[in-house]
Each structure stands twice: as structure tokens, then as C-alpha cells.
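Reviewing the structure listed below.
The values are calculated or read from the model by the stated rules, or taken from the named source; none is laboratory data. Please read all numbers here as calculations on a predicted model, not as lab measurements. Cβ atoms come from the backbone with ideal geometry, glycine included; neighbour counts cover every protein chain shown. The protein model used for the area step is the full one, side chains on, heavy atoms only, and it has no ligands, DNA or RNA in it. Shrake-Rupley method; radii C 1.70, N 1.55, O 1.52, S 1.80 Å.
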Amino acid sequence: MSEYTIKQLMRKNISTLVPYSSARNEFSGKGSIYIDANENYRDFVGEKGLNRYPDPQHIELKREIEKVMGFLPQQIVVGNGSDELIDLLFRIFCVPGKDKILMMSPTYGAYKVFADINDISVSYCPLKDDFSIDLERLESQCHLINTGTIEHGIHKLLFICSPNNPTGNSFPLEQIGEIAKRFRGITVIDEAYVDFSSIGSAKALLEQNERIVILRTLSKAYGLANVRIGIAISSPEIIEAMHHVKYPYNVSGIQQEAAIGALRAQKEVEATIKIILNERERVASNLRNFSFVQKVFPSDANFLLVRVDDPTLLYNMLLKKGIIIRNRSSLRGCYGCVRITIGSVSENNALLETLTQLEEIL
Ligand SMILES: *Cc1c(COP(=O)(O)O)cnc(C)c1O
């Protein structure tokens, strides 16, 4: 167990912060005349309420999230994409130039970018060849239980992305729980792809461990990448700090409306997930038949990591045909690999047909 309280893990200026209170924070009922926020009385674009500040607490959206995902409104922060929530965690917990974070490699690139922006150094724990977590290495070289002190800096955040991007595999929930229990800082479990996973969510861990943050997004399974909605779920102190540090109006009314719409389309979302999962297996088994494909890694997400003879040639050849995939071959642990998102049935067919045409030169 951590010997530090959540307050002690925070930057001092955050644990003592007096938060800004906006007009719409101080009044949240229903009025008939709003002359409290210096807004314009007119909306020049239409009757969409664009002239009014949005709900800074995202109350209606949180109710919808509760219905669909089962989290309580008081456990939730809504962000402008997961990106904002990741950045918030850095700004709440990590002291620039002093603290560190711990993450797996390869994994999602954003953690490192936000670490750099916040002047926080990164310790990497390379995944094993089968992309499972190397527990011994995490304990020894990576100092899961590190010996530093709060005064001199410690690993404040540990990022576990499950299913992991770009490798596609999930980590066992008991393993994540055990790691989070032993880690002294805050464990962030990024579940961007959990809707495609057969292993499911780590949410039960929240009940045993108040130093866990789960991240969700509406960018993938819910089809709202353009809208920018991320969701963090955690314990009261962490959720309170995230509310205090976020911009008051971080998510616009238009975003909130779109998010509510997608969550209310849950049946269609689930039907589409089923199609994507079927397609994932179909595309994977078809890819295995190509001579230039060395390995299609098992996936618990909506994409496939594929090791091929010449990833850069494959990338360029597909690009010429207007098909864009992601070349991941320069990432440590991903040599020879490209990442392919599962599209619609006809998009996947087009990919497979194009690869058949190109097989001779690949
Ligand atoms: C796509 C993705 C996200 C989503 O980020 P948003 O900012 O919510 O669009 C988060 N984490 C991982 C690992 C991802 O691959």
C-alpha cells in the first residue's frame, strides 16, 4: 500500500487551490431570464443556444454516462478528449523537473508528449515479446516500488493502456490490480478500446483502490472522434481536483449534446461493435494468407498489428492506392509492424483486394 495520501501526491499548489467559480457554477436551476453571465441575448447562428455558456459540470451528460456505463456522476470528470484528462493528471500530480512517470513500451504516444510538455521524465518498462507486462523488470529496473521521496521526486503516474495501443492485447485484470496496489503513485488505466475487448473493464478495481483512474473515450466505439469527449472515473479526491483544474467550460454544449446522442444510440453502437469484431477476425485470417505477412498479432481492440516483410514499402504502395494505414515499424518492440484499423465491410474488402493486387511486388 502507498504510504502517501492522495493529497500528499498532488502538487502543493493544487492541493491548496481555491477554485474559480463561474456564473453557471453558482446557479444551475432553471430561470426565465439569464442576465448573470454577460452573454449576448442573441444567437446569430440559429436557435441552438450558442450564445449561452454550457453546463460546466456536464450534469445531463453524466446521467447518460451512468445509464450506459454504470459509473456514478460523482465518480466522473468529462474532458475535451482523453487528451485533456491525461494533461490534467500531469498538472495535478507531477512537479515539473522533479517527478517522473512510468509507462510500458510500446504504448500510446500521448503519455510521453504530455510528460515532455510538463517537463516530467519517463521511465519505460518494455513489454515482453508477446507484449505481456514484464513484471520482474517492472519491479527491478523500473522501480515499481521506487525509493525516492516526495521531496526529491517519485514516479507519480503509472500508465497502463489496456487493450494496449498499438499492440492490441489486454493485460489480465488481476495483474493490473496487483501492480496498482503495489505502486505508490496513481495508476491510470486507459480503456480507450475496452468496448472491443473480451477481457472487459478494470472498473471493479476502483472499489479497492482510490489511487486508480480509469480513462474512457467516445472517440472509438461511440464514433465521436471529431467531437472530443473523454471520461475519467476515479475516487472523490482525484475527481474533485480534476474539476478544480479543468477549464470551467472545457466541453462545449454542442459536444455535450453530441455525446448524449451517441450514448442514447447504445443499441446501434453495440451492433456496430459486433460487426467490427467479426470483421477483425475475418481480416486477420485473410491477412495471414499473404506471403509478405509474417504475423498478425491477436487483437482485443478495433485494429490489427501486423508484421510484414517491408512495412515502409507496404505503407507507400497502399498510400498510392489511397488507403492509409499506420506504419509503426520505428517503435521499439514493433519492428516490421503496421497498424490497420478495422473499417466497414466494404473498406476492409477494398484493403484485401488491393493487397491481392500488390502481393507480387510486396
Ligand atoms: C484513441 C485513443 C484515445 C482517445 O483519445 P481522445 O483524446 O479521447 O480522442 C485514448 N487513449 C488511447 C490509447 C487511444 O488509442
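Numbers for the structure displayed
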quantity	calculated
Which listed residue is free of Cβ contacts under 8 Å to residues at least 40 places away in the same chain and within 16 Å of the ligand (Cβ to nearest atom), from ILE214, ILE231	ILE214
Total residues in segment 74-98, condition within 16 Å of VAL213 (Cβ to Cβ) and away from the ligand (no atom under 14 Å from the Cβ)	8
Residues of segment 208-249 classified as part of a loop (DSSP other than H, G, I, E, B) and either of a type in the set (Gly, Ala, Ser) or touching a Leu at 6+ places or on another chain (Cβ under 9 Å) (or both), total	14
Residue within segment 160-180 that is under 22 Å from THR272 (Cβ atoms), in a loop (DSSP other than H, G, I, E, B) and in contact with a helix residue (DSSP H, G or I) (Cβ under 8 Å, 6 or more places away or on another chain) present	yes
Residue pairs meeting the criteria (Cβ under 7 Å; at least 6 apart or on separate chains; first under 16 Å from LYS203 (Cβ atoms), in segment 73-87; second more than 10 Å from the ligand (Cβ to nearest atom) and acidic (Asp, Glu))	PRO73/GLU66
Extreme residue, nearest to MET242 (Cα to Cα), among residues of segment 25-70 that are assigned to a helix (DSSP H, G or I) and touching a residue at least 60 places away in the same chain (Cβ under 8 Å)	ASN25
The one condition in (1) farther than 30 Å from MET69 by Cβ; (2) assigned to a loop (DSSP other than H, G, I, E, B); (3) open to solvent by less than 70 Å² (accessible area, probe 1.4 Å) that THR354 fails to fulfil	(2)
Output for segment 292-329, where each listed residue is over 16 Å from GLY343 (Cα atoms), assigned to a strand (DSSP E or B) and open to solvent by 50 Å² or more (accessible area, probe 1.4 Å)	GLN294, LYS295
Options SER123, SER162; residue that is open to solvent by less than 40 Å² (accessible area, probe 1.4 Å) and more than 19 Å from the chain's Cα centre (by Cα)	SER123
Residue satisfying condition, being in contact with a helix residue (DSSP H, G or I) (Cβ under 6 Å, 6 or more places away or on another chain), more than 22 Å from ASN13 (Cα to Cα) and not polar (S, T, N, Q), within set LEU135, LEU61, LEU127	LEU61
All positions within segment 149-174 that are over 28 Å from ILE340 (Cα atoms) and touching a residue at least 24 places away in the same chain (Cβ under 8 Å)	ILE150, HIS152, GLY153, ILE154, HIS155, LYS156, LEU157
Residue in segment 64-73 that is over 13 Å from ILE233 (Cβ atoms), within 16 Å of the ligand (Cβ to nearest atom) and buried (at least 19 other Cβ atoms within 10 Å of the Cβ) present	no
Selection status of ARG137, open to solvent by 60 Å² or more (accessible area, probe 1.4 Å), in contact with a Pro (Cβ under 8 Å, 6 or more places away or on another chain) and closer than 22 Å to SER105 by Cβ	yes
Among the candidates ARG264, ARG339, residue that is touching a Phe, Trp or Tyr at 6+ places or on another chain (Cβ under 6 Å) and in contact (Cβ under 8 Å) with a residue 60 or more places away in the chain	ARG339
